[in-house]
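Student: The structure that follows is given in the form of structure tokens.
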Amino acid sequence: MNVLVVGGGGREHAMIAAIARSRKDPSIYAVMSKKNPGIAELCEDFLLEKETNVEKVVEFALSKNIELVVVGPEAPLAVGLADALEDADISVASPKKKVAQLEFDKAWARNFMRNNNIAGCPVFDVFTDKDAMDAFIDELGNVAVKPAGLTGGKGVKVMGDQLPDVEAAKEYAASLLDQGSVVVEENLVGEEFTLQAFVDGKNLAFMPTVQDHKRAFENDLGPNTGGMGSYNAPGEILPFLTAEDVEGSKQIMIDTVKALYKETGQKYKGTLYGQFMITKDGPRVIEFNARFGDPEAMNVLPLLETDYVDVLAAMASGTLDKLAVKFSKKATVCKYAVPAGYPDHPTKDKEVVVGDIGSAILFYSSVYEKDGKVYTTGSRAVAVVGVADSIEEAEKIAQLALENLSGDLHYRTDIGKGYLIQRRIDHMNKIRGQ
Ligand code: AMP
Ligand code: GLY
């Protein structure tokens, strides 16, 4: 079987590593903008091209007799890559543009949730006019402000965080109006986590819950990033969540998939990513993504016991109900090594040397290979994952591996450490009034 993965980051390296474990012994192909050495090594052949160049990707897929495609990042979905591949009669385990809107148009996503009575939707409104928006910000008093379009996770600002007060919120919101509509919503208080599912249009197979760490520095300080690292606990429930929290979040995703079909007439096929805030009133949706999370994919895919190629084929053909999707009940800790100065002033083009990483799994992300050496690009460079029976052991494996990478790199030592997890548990206990 010939399988194509679109994308060249850590998430896609993890996807390709899972495909490479398949008992079907597939031939793997990739499209990526820069040569990721981890991906290149596992591929039969690859095309160095922008992932959003729909015409070139389809042409490459046809020339390699690709039977199944999965798309890693959101940008190609937003320009209709899945639609174009299906038009060329190639099976795709990623969503078409109309349903991927759930990720790339935040205004559409919120209105969709409200119109379909999906639980977990915060109080919000969408604005194109400053006066009405200011009045709403005054009414809510404590808000999050988001541009409606894709911003790579960097356009969202929240009061008490990047926005000191109501006036700053109004000013920031007004500055976004030039680029299009603006979403203003209540500021949710709680702990964030990620729930991902394989979806075939109708059926959902859920993965273990994961917690990402968006802040650049230790103790959740510094600017937001794409995610500095993430962990999961053995089983599917993070230490600060209850079974009820997870069930409630699953139901929201099940209802979302059903409503997407009702509203668009199109089935959502592919991985669906729910970013939730668990609040005193239960789960609230921060956002949906139409793909795997990065780093979250690197936590769950190494635990996938079911053949990933079977899962991809079942998503594409709508037969996920015939497959028992299983994950091993282990903990993982994933930590990213990023260029010094990331995200605001990262160093670039610095060599990364991988030493002895013990039993950790390594995924290359935003790096490129030249003359057999690996260099940084300015974005998250290399991720290491520890897999073990406890979070504590997994953390040690990941940490030791990081210490054996050399280069002009920075990483967070605290991700997966007991004290940080205890802080999450205490925070939730306080919120729940326990
Ligand atoms: P996003 O780009 O939607 O993932 O948002 C980036 C970050 O902003 C999230 O990880 C949250 O920490 C925060 N955020 C987004 N929306 C809200 C909200 N309504 N209330 C509180 N925090 C939010
Ligand atoms: N880890 C956050 C994301 O992939 O959007």
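Student: Considering each residue of the range 391-415, count those that are basic (Lys, Arg) and assigned to a loop (DSSP other than H, G, I, E, B), and give that number. Outline the logic, then answer.
Tutor: Our first condition is that a residue be basic (Lys, Arg); within the range 391-415, this holds for 396, 412.
In the following step, the residues that additionally are assigned to a loop (DSSP other than H, G, I, E, B) were identified as 412.
Number of matching residues: 1.
Student: So how many residues does the range 228-252 have that are of a type outside the set (A, V, I, L, M, F, W, C), surrounded by fewer than 23 Cβ atoms within 10 Å (Cβ to Cβ) and either within 14 Å of ligand 1 (Cβ to nearest atom) or touching a residue at least 60 places away in the same chain (Cβ under 8 Å) (or both)?
Tutor: The qualifying residues number 6.
Student: Here's another thing I want to ask about it. Against the definition (assigned to a helix (DSSP H, G or I) and within 16 Å of ligand 2 (Cβ to nearest atom)), how does Ala297 come out, yes or no? Give the derivation first.
Tutor: On the way: assigned to a helix (DSSP H, G or I): yes; within 16 Å of ligand 2 (Cβ to nearest atom): yes.
So Ala297 passes the test.
Student: Regarding Ala135, is this residue touching a residue at least 60 places away in the same chain (Cβ under 8 Å), away from ligand 1 (no atom under 15 Å from the Cβ) and not in a loop (DSSP other than H, G, I, E, B)?
Tutor: Details: touching a residue at least 60 places away in the same chain (Cβ under 8 Å): no; away from ligand 1 (no atom under 15 Å from the Cβ): yes; not in a loop (DSSP other than H, G, I, E, B): yes.
No: the conditions fail for Ala135.
Student: Moving on to the next point. Select from the range 146-163 the residues that are surrounded by 18 or more Cβ atoms within 10 Å (Cβ to Cβ) and over 21 Å from Glu103 (Cβ atoms) and write down the one among them that is farthest from ligand 1 (Cβ to nearest atom).
Tutor: Checking each candidate, the answer is Leu163.
Student: Output the number of the condition that Arg110 fails; it satisfies all remaining conditions of (1) charged (D, E, K, R); (2) in a loop (DSSP other than H, G, I, E, B); (3) touching a Cys at 6+ places or on another chain (Cβ under 9 Å).
Tutor: Status for Arg110: all satisfied but (2).
Student: Limited to the range 268-294, what total is found for residues that are of a type in the set (Asp, Glu), in a strand (DSSP E or B) and either surrounded by 23 or more Cβ atoms within 10 Å (Cβ to Cβ) or more than 16 Å from ligand 2 (Cβ to nearest atom) (or both)?
Tutor: Of all residues in the range 268-294, those of a type in the set (Asp, Glu) come to 281, 287, 294.
Next, from what is left, pick out any that are in a strand (DSSP E or B): 287.
Still in the list and also either surrounded by 23 or more Cβ atoms within 10 Å (Cβ to Cβ) or more than 16 Å from ligand 2 (Cβ to nearest atom) (or both): none.
Count: 0.
Student: Which condition does Lys170 not pass, out of (1) more than 30 Å from Gly265 (Cβ to Cβ); (2) part of a loop (DSSP other than H, G, I, E, B); (3) basic (Lys, Arg); (4) at pLDDT 95 or above, if it passes all the others?
Tutor: Here Lys170 clears every test but (2).
Student: Please verify whether the range 420-427 includes one or more residues that are assigned to a helix (DSSP H, G or I) and among the basic types (Lys, Arg).
Tutor: Filtering the range 420-427 down to residues assigned to a helix (DSSP H, G or I) leaves 420-427.
Then keep just the ones that are among the basic types (Lys, Arg); that gives 423-424.
Yes.
Student: Val143: more than 30 Å from Ala313 (Cα to Cα) and either of a type in the set (Lys, Arg) or surrounded by fewer than 18 Cβ atoms within 10 Å (Cβ to Cβ) (or both), yes or no? Break it down into steps so the answer makes sense when it comes.
Tutor: Details: more than 30 Å from Ala313 (Cα to Cα): yes; either of a type in the set (Lys, Arg) or surrounded by fewer than 18 Cβ atoms within 10 Å (Cβ to Cβ) (or both): no.
Judged against the criteria, Val143 is not a match.
Student: Of all residues in the range 382-412 being hydroxyl-bearing (Ser, Thr, Tyr) and touching a Gly at 6+ places or on another chain (Cβ under 9 Å), which is farthest from Met15 (Cα to Cα)?
Tutor: Within the range 382-412, the first condition is being hydroxyl-bearing (Ser, Thr, Tyr), and the residues that meet it are 390, 406, 411.
When the remaining residues are screened for being touching a Gly at 6+ places or on another chain (Cβ under 9 Å), the result is 406, 411.
Details: Ser406: 25, Tyr411: 23 Å.
Once the filter is applied, the top-ranked residue is Ser406.
Student: Run down Lys35, Lys24 and say which single residue is of a type in the set (D, E, K, R), under 26 Å from Gly378 (Cα atoms), assigned to a loop (DSSP other than H, G, I, E, B) and out of contact with any His (no Cβ under 7 Å at 6 or more places or on another chain). Before you say what the answer is, go through the steps one by one.
Tutor: Working: Lys24 fails: under 26 Å from Gly378 (Cα atoms).
On inspection, the qualifying residue turns out to be Lys35.
Student: Only one residue in Thr332, Thr413, Thr376, Thr347 is closer than 21 Å to Pro223 by Cβ and surrounded by 24 or more Cβ atoms within 10 Å (Cβ to Cβ), so which one is that?
Tutor: Thr376
Student: May I ask you to list the residues in the range 300-310 that are assigned to a loop (DSSP other than H, G, I, E, B) and either of a type in the set (S, T, N, Q) or touching a residue at least 60 places away in the same chain (Cβ under 8 Å) (or both)? Steps first, please.
Tutor: Step one: of the range 300-310, the residues assigned to a loop (DSSP other than H, G, I, E, B) are 305-307.
Thr306, Asp307, listed by residue number.
Student: Can I ask one more? Ala216 - would you say it is crowded, with 19+ Cβ neighbours inside 10 Å and either among the polar types (S, T, N, Q) or in contact with a Pro (Cβ under 6 Å, 6 or more places away or on another chain) (or both)?
Tutor: For Ala216, the condition - crowded, with 19+ Cβ neighbours inside 10 Å and either among the polar types (S, T, N, Q) or in contact with a Pro (Cβ under 6 Å, 6 or more places away or on another chain) (or both) - is met.
Student: Just one of the numbered conditions (1) surrounded by fewer than 21 Cβ atoms within 10 Å (Cβ to Cβ); (2) in contact (Cβ under 8 Å) with a residue 60 or more places away in the chain is not true of Pro95; which one?
Tutor: For Pro95, the failing item is (1).
Student: Tell me, yes or no, whether the range 171-180 has at least one residue that is at negative phi, in contact with a strand residue (DSSP E or B) (Cβ under 9 Å, 6 or more places away or on another chain), away from ligand 2 (no atom under 16 Å from the Cβ) and among the charged types (D, E, K, R).
Tutor: Start the filter on the range 171-180 by keeping residues that are at negative phi, which leaves 171-179.
Now narrow it down to the ones that are in contact with a strand residue (DSSP E or B) (Cβ under 9 Å, 6 or more places away or on another chain): 171-174, 176-177, 179.
Of the ones still in play, those that are also away from ligand 2 (no atom under 16 Å from the Cβ) are 171-174, 176-177, 179.
Still in the list and also among the charged types (D, E, K, R): 171.
Yes, some residue in the range 171-180 is at negative phi, in contact with a strand residue (DSSP E or B) (Cβ under 9 Å, 6 or more places away or on another chain), away from ligand 2 (no atom under 16 Å from the Cβ) and among the charged types (D, E, K, R).
Student: If you check Leu238, Leu272, Leu204, Leu195, which single one turns out to be within 23 Å of Glu305 (Cα to Cα) and touching a Gly at 6+ places or on another chain (Cβ under 9 Å)?
Tutor: Numbers: Leu238 fails: touching a Gly at 6+ places or on another chain (Cβ under 9 Å); Leu272 fails: touching a Gly at 6+ places or on another chain (Cβ under 9 Å); Leu204 fails: touching a Gly at 6+ places or on another chain (Cβ under 9 Å).
Step by step, each of Leu238, Leu272, Leu204, Leu195 is checked, and only Leu195 is within 23 Å of Glu305 (Cα to Cα) and touching a Gly at 6+ places or on another chain (Cβ under 9 Å).
Student: I would also like to ask the following. How many of the residues making up the range 106-134 are surrounded by 14 or more Cβ atoms within 10 Å (Cβ to Cβ), more than 16 Å from ligand 2 (Cβ to nearest atom) and of a type in the set (Gly, Ala, Ser)?
Tutor: 3
The values are calculated or read from the model by the stated rules, or taken from the named source; none is laboratory data. Just so we're clear, the structure is a prediction, and the values are computed from it rather than from any experiment. When we count neighbours, we look across all protein chains shown, and the Cβ atoms used for this are built from the backbone with ideal geometry, even at glycine.
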